[in-house]
Each structure stands twice: as structure tokens, then as C-alpha cells.
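This report refers to the structure that appears directly beneath it.
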Amino acid sequence: FSHPCYKAPAKASKIPVLGARHRDRVQVSRRNSPGSQREMTQRFDLRLLSIAIVLAAVLAWVFFHFEYLPMVDLPQHAAALSEWVHLHDPNYGFADQFELNWYTPYLLSYLLARPFVALLGVAGALKLVVLLSVFGTTAAYWWLLRTVRQDEWLCLLALPLSFGFSFYFGFTNFLIGT
């Protein structure tokens, strides 16, 4: 084959054939190599798990103890969710004034919060969705650190990192996405 961009492969040099002894050693090392199935099933660090559970309980208490979270758009999300919940309730009269918009960018957070409205109320259901997104971010950090065999304790940094720009401005779908 002759083309200006094509470079013919170099002639193969003679490589000594490895004996069966070396192949067995390679297979054994593959079984015990980092990232193998046996290593990925390592046990959980119970201290990390217990501290994460305590921090999760404290965070849940903070979320549900105070009436309002410091989120700018949370009242607007609560109003939109309340309108959806009470859309066909004649006591509210929302059916004459509003229609359901399935193309809203916040549909995912409303869909996740809707089943909990009867139990927690509109604001409580949205708080739960935000809280679960913070826990999900922490769990994703833990899984990533565990997969790349780094210190799993670094996943606790996800808790303060979850309370950034998206949290304070109430961008619930961005919180769920991260």
C-alpha cells in the first residue's frame, strides 16, 4: 500500500517466548490486581459510615427544623408545586387561571416531590428532594473515590460543597443533577 500518510510498520523484532511459569505468574497477578472484583467487594469503613449517618441525621434535622431554607427560588418552586397539587381543586380555583406545563426545566424536582406532598406538605416535600440530592452527591463522591481507590473519607467534602451557588439560588434540578 503506497500513500504519503501511510507509514509501513517496522519489522518485527524477535521477542523471546515466555514460559508457562511466567504466564501463571501473570494470571495470578491479574486476579489480585488493583480494581479486581475481589478488591471492589472490600468491606465498608464502619467509622466513615457511622460519621456519615450522624452528619446525615444532623443535616436532616437542620433541614426540617427551620421553616425556610436559605434558597431564593424555593418559594416559587413551592408555589408551582402547590398549583400542580391543587390544580383541579375547586376551593383554590387554579384550573381557571393555570395550565400544566410539562416542558418546565424543573419538572424532575416537581415529579420527585409530588408523592411526598400528602405526607410532608409542599415545602417539606421540596426540602426532602433537596436533602436527598445532597445525600446523593455525597454518595456519588464516595462511589467515585472507592472506584479509583482513593481515600473514601474525602466524600465528606461533598456535604459543604453541596451548599454552593445552585443551593442558595434554589436551582433544584442542578442540585439533583450533581
Q. Hey, which of the helices (runs of 4 or more DSSP H) in segment 1-96, taking only ones fully inside, have at least 2 residues that are modelled with pLDDT under 55?
A. 20-31, 37-40
**Q.** Selection count where residues are open to solvent by less than 80 Å² (accessible area, probe 1.4 Å) and closer than 16 Å to Gly177 by Cβ, scope segment 85-110
**A.** 5
Q: Please specify each residue of segment 122-178 satisfying the condition of being of a type in the set (S, T, N, Q) and either touching a residue at least 24 places away in the same chain (Cβ under 8 Å) or in a helix (DSSP H, G or I) (or both).
A: Ser133, Thr137, Thr138, Thr147, Ser162, Ser166, Thr172, Asn173, Thr178
Q.
Quick check on segment 97-121: of everything there that is more than 26 Å from Leu159 (Cβ to Cβ) and not in a loop (DSSP other than H, G, I, E, B), which residue is nearest to the chain's Cα centre (by Cα)?
A. Leu107
Q) Does Leu119 meet the test of being modelled with pLDDT of 95 or more, surrounded by fewer than 16 Cβ atoms within 10 Å (Cβ to Cβ) and out of contact with any Cys (no Cβ under 7 Å at 6 or more places or on another chain)? A) yes
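The values are calculated or read from the model by the stated rules, or taken from the named source; none is laboratory data. As the structure is a prediction and not an experimental result, all values here were calculated from the model. No Cβ is skipped: glycine too gets one built from the backbone with ideal geometry, and neighbour counts run over all protein chains shown. Surface accessibility is based on the protein's heavy atoms, side chains included, excluding ligands, DNA and RNA. Shrake-Rupley method; radii C 1.70, N 1.55, O 1.52, S 1.80 Å.
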